[in-house]
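Remarks on the structure that follows.
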Amino acid sequence: MKKFGRVVVKLRIPILILSLLLLIPSAIGYVKTRVNYDILYYLPDEIETMQGQDILLEDFGKGAYAMVVVQDMDVKSTSKLIQKVEDVDHVAKVISYTGIVGEDVPSEILPDKFRKYFENDDSNSTLFAIFFDDTTSSDETMNAILKIREVTEGQAFISGMSAVVTDTKVLSEKETPVYVLIAVILVCIVLAIFMDSILVPVFFMLSIGMAIVYNLGSNIFLGEVSYITKALAAVLQLGVTLDYSIFLWHSYKEAKEEYPSDHKEAMAQAIGNTLISVVGSSITTVAGFIALCFMSFTLGLDLGVVMAKGVVLGVIGCVTILPSMILTFDRALEKTMHKEIMPNFGKLADFIVKHSWIFLLVFLIMLFPALYGYNNTKVYYNLSETLPEDLDCTQANKKIEENFDMNSIYMILADSHMSTDTANEMMDKVKEVDGIEFALGLDTFLKSGIPEEILPSSLVSELKGSDYQIMMVATNYKIASDEVNAQIDKVNDIVKSYDAKAMVIGEAPCTKDLITITDKDFKIVSIVSIAAIFVIIFFVLKSVSLPIILVAAIEFAIFVNMGIPYYTGTEIPFIASVVIGTIQLGATVDYAILMTTRYKRERSQGFTKKESITTALATSIPSIIVSALGFFAATFGVGMIASVDMIGSLCTLMARGAIISMFVVIFILPSLFVVFDKIIIHTSLGFLPKKKSAPIIDGNHTADVVS
C-alpha cells in the first residue's frame with residue numbers, strides 16, 4: 001500500500017488536473033440523467049396493478065389520468081375551459097358531464113343521479129376527468145399538467161398522481177441545491193471547530209464534492225434515478241465518506257512526526273495506512289446500501305446502487321484527490337493550524353468503565369420501550385401527504401373532497417365483450433360496497449335509458465376497446481387508509497367473480513400494493529443487512545461473539561431512533577421505515593468497529609480487561625464524536641428545511657440516528673465489553689497475548705509455560 005501512496009504523491013499534479021477534467025463529463029452526465037418523480041413507478045412489473053397500467057396505455061393510449069374541479073363558472077365558460085384543456089398537447093381525452101351526450105344533445109337528458117357526480121350546485125363546482133397519452137411521470141404528462149394550469153389561468157384544480165408528481169418535481173428542483181449548500185455549510189462549521197486547521201475543511205469539501213459529482217454524473221449509465229435518490233445522494237455521500245478524509249488527515253499528521261523533513265514520504269505512509277483502514281470501514285457501509293438492492297420495490301435498488309457507488313468513489317477520492325490537494329497546498333495548511341479544542345476523554349472513559357452497571361441498567365430499561373415504539377410507530381403511504389398543504393395538487397384534493405365527497409377515483413379494466421346486463425349487475429354490486437360514491441361504465445349510461453346512438457362515438461371508443469373496457473369507481477376513503485384497502489379487496493373480489501381477467505387499477509390500488517410489498521421488503525432488507533454486516537465483522541475482527549455484540553448495540557440505537565416517533569405522535573413516510581435501519585446500521589457500525597479494534601489491540605498486549613476498554617474508549621471518543629457530528633451536520637439541516645416530507649423525515653431520522661448511535665457506542669458498548677470480556681476473548685482470535693516460552697527444569701524435562 002505504501003507503494004501505491006508513493007505513486008499518488010509522485011503523480012499529484014496530474015491527478016489534480018485529471019480530477020478537474022473529469023468534472024466536465026460528470027457535470028454533463030448529471031444534467032442529462034433523467035429524474036423520476038413517481039414513487040409508484042418502482043413497484044414490480046409483474047403485479048396486476050402495473051400490468052393494468054400497461055394495458056391502459058397500449059390498448060387505450062391512456063397512461064395517466066387526473067380529476068379536475070372548476071368553481072364559479074357557468075356551463076358556457078366551463079365548456080370553453082374544457083376545450084382549452086383538450087387542445088393541450090398529450091391530453092388524450094376529457095370526459096365531462098356536458099360531453100357525455102355530445103354537444104348537440106341537451107345535458108339535461110342525463111338522469112339527476114349522474115349529474116350530481118359531476119356538478120355541485122351548492123358550491124357551483126364542476127368535475128371532469130382528463131386522460132393523458134403518456135405515463136404518470138413522463139415529461140410529456142408533467143408538461144401537460146403545467147400547461148393546463150397555465151391556459152386555465154389557475155381556474156382548474158387538478159388532482160391525481162400526475163399532479164402530485166408534477167408538484168414534487170417543481171419543489172424538488174428548487175430545493176435540492178439548497179440541501180447541498182446547507183449540508184456543506186454545517187459540515188464545514190463542525191470541522192472548523194473540531195479539526196486543527198481552518199483551511200482543511202475546504203479541501204475536504206472539494207475532494208468529497210468532486211467524488212459526489214462523479215457519482216451523480218455516472219448515474220447517466222443507469223438511465224434515470226428517483227428524485228429521492230437525487231435529493232439524498234449528495235448529503236448522504238458527504239455524511240458517510242467524511243470519516244475517510246478525517247482519517248487521512250490524522251494519519252498524515254502522525255506520519256509527519258516520523259518524517260518531519262519529508263512530507264511526501266509522510267503522505268505516502270498516510271495513504272497506505274488510510275487505504276487499509278478505509279477499505280475495511282467502507283465495506284460495512286457499502287453492505288448496508290447493497291442490502292437495499294434486495295427490495296422488490298425497486299426504489300431500494302435505485303438508492304442502493306447510487307450510494308454504494310458513491311462510497312467507492314469517496315474512498316478513491318480520499319486516497320488520490322485529497323492527498324494531492326493537501327501536498328500541493330501544504331504550506332498554506334500549516335499556516336492555518338491551531339490547537340485542537342477536543343479535550344482528553346480519559347476521565348470520562350474511566351468513569352464509564354467503572355460504572356458500567358449503570359449504563360447496562362439504562363440499556364435494559366430502555367430496551368423494551370424502544371422495541372415497543374419501534375414496532376408501533378405509525379407509517380403513512382399517501383404520497384400527497386409528503387407535500388406542503390399549499391401546493392396546487394393538495395388544494396385540488398381538498399376541493400374534490402369538500403365539493404364531491406370523494407377522495408380519489410380508480411378504475412376497473414373488464415372484458416369488453418361482457419354483456420350489458422352482466423356489466424351493470426357487476427357495477428351495482430360494486431356500488432353497494434361501503435365508501436363507494438359512484439361506479440360508472442359505458443353500460444351504466446345505457447341502463448339509464450340513454451340510447452347508445454346518441455352517445456358520442458369518440459366516448460364509446462375511448463371507454464371500450466377490443467379486449468377491455470374502462471369503468472370508473474369513486475371512493476370516499478383516503479388513499480392508503482385501511483378502509484380503502486379493504487374496499488379495494490371487496491371490489492376486486494366482485495369483479496373477479498364476473499371476469500377472472502378483470503383488473504382494479506389506479507393510484508389507490510397501486511398504493512395498496514405498495515403497502516404489502518414494502519412490508520415484506522422491510523423484513524428482507526433488515527435480515528440481509530444484519531447478516532451481511534455480521535459476516536463482515538466476523539472476518540474483520542475474527543470473532544464469533546463480537547458481531548453479535550456490535551450489531552446488537554447498533555440495532556438498539558435503531559430501535560430508539562425509530563421508536564421516538566411513536567412517543568412523539570409523529571407519522572413517518574413508509575420509505576423511512578424500510579431504509580433508515582439499513583443506512584444507520586451500515587454507516588454507524590464503523591464507530592463500534594473503531595473502538596473494538598483498539599480494545600482488541602490493548603487486550604492482545606496483555607493489558608487487563610478494564611485497562612483495555614478504558615484505553616480503547618478514551619482514544620476512540622474524539623473520532624466517534626467528529627464522525628457522528630459530521631453525519632449529523634450533513635443531514636440535520638436538510639431535515640429542517642425540506643418541504644417534501646419524504647426527504648425531510650429521512651434526513652431527520654438519519655441525523656438523529658447518528659447521534660443516538662454515538663451515545664450507544666460511547667456508553668453502552670464499553671459496558672457490554674466489561675460484561676462479556678471472558679466470552680469475547682475465548683471466541684475471538686488475537687485477543688490473548690502471544691505465548692511466551694520460559695524454560696522450567698523439572699527432573700530431566702524442560703517444559704514451556706505461558707507467562
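Data table
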{"read-out": "Test result for residue 437, among the acidic types (Asp, Glu) and modelled with pLDDT of 85 or more", "value": "yes"}
{"read-out": "Every residue from segment 22-36 that is in contact (Cβ under 8 Å) with a residue 40 or more places away in the chain and open to solvent by 10 Å² or more (accessible area, probe 1.4 Å)", "value": "22, 23, 25, 26, 27, 28, 30, 32, 33, 34, 35"}
{"read-out": "Selection within segment 45-94 - more than 37 Å from the chain's Cα centre (by Cα) and either open to solvent by less than 40 Å² (accessible area, probe 1.4 Å) or under 27 Å from residue 299 (Cα atoms) (or both)", "value": "73, 78, 81, 82"}
{"read-out": "Pick from segment 97-146, criterion at pLDDT 80 or above and hydroxyl-bearing (Ser, Thr, Tyr), ranking: farthest from residue 67 (Cα to Cα)", "value": "138"}
{"read-out": "Complete set of residues in segment 209-233 that are part of a helix (DSSP H, G or I), of a type in the set (A, V, I, L, M, F, W, C) and open to solvent by less than 10 Å² (accessible area, probe 1.4 Å)", "value": "211, 228, 231, 232, 233"}
{"read-out": "From 639, 586, residue being under 15 Å from the mean Cα position of the chain (by Cα), surrounded by fewer than 24 Cβ atoms within 10 Å (Cβ to Cβ) and part of a helix (DSSP H, G or I)", "value": "639"}
{"read-out": "Test: residue in segment 390-405 that is assigned to a helix (DSSP H, G or I), β-branched (Val, Ile, Thr) and at pLDDT 90 or above", "value": "no"}
{"read-out": "Selection within segment 367-379 - open to solvent by less than 100 Å² (accessible area, probe 1.4 Å) and farther than 19 Å from residue 676 by Cβ", "value": "369, 370, 371, 373, 374, 376, 377, 379"}
{"read-out": "Members of segment 283-300 that are of a type in the set (Gly, Ala, Ser), closer than 13 Å to residue 521 by Cα and buried (at least 24 other Cβ atoms within 10 Å of the Cβ)", "value": "291, 300"}
{"read-out": "Candidates 403, 382 - the one that is of a type outside the set (Asp, Glu) and under 19 Å from residue 127 (Cα atoms)", "value": "403"}
{"read-out": "Qualifying residue in segment 411-423 (condition: touching a Gly at 6+ places or on another chain (Cβ under 8 Å) and either part of a helix (DSSP H, G or I) or open to solvent by 60 Å² or more (accessible area, probe 1.4 Å) (or both))", "value": "yes"}
{"read-out": "Failed item, numbered, when residue 498 is tested on (1) open to solvent by 20 Å² or more (accessible area, probe 1.4 Å); (2) under 23 Å from residue 579 (Cα atoms)", "value": "(2)"}
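The values are calculated or read from the model by the stated rules, or taken from the named source; none is laboratory data. Bear in mind the structure is a predicted one, so any value in this text is a computation, not a measurement. All Cβ positions, even for glycine, are placed from backbone atoms using ideal geometry, and neighbour counts span all protein chains on display. Accessible surface is based on the protein model in full, side chains and every heavy atom, while ligands, DNA and RNA are left aside. Shrake-Rupley method; radii C 1.70, N 1.55, O 1.52, S 1.80 Å.
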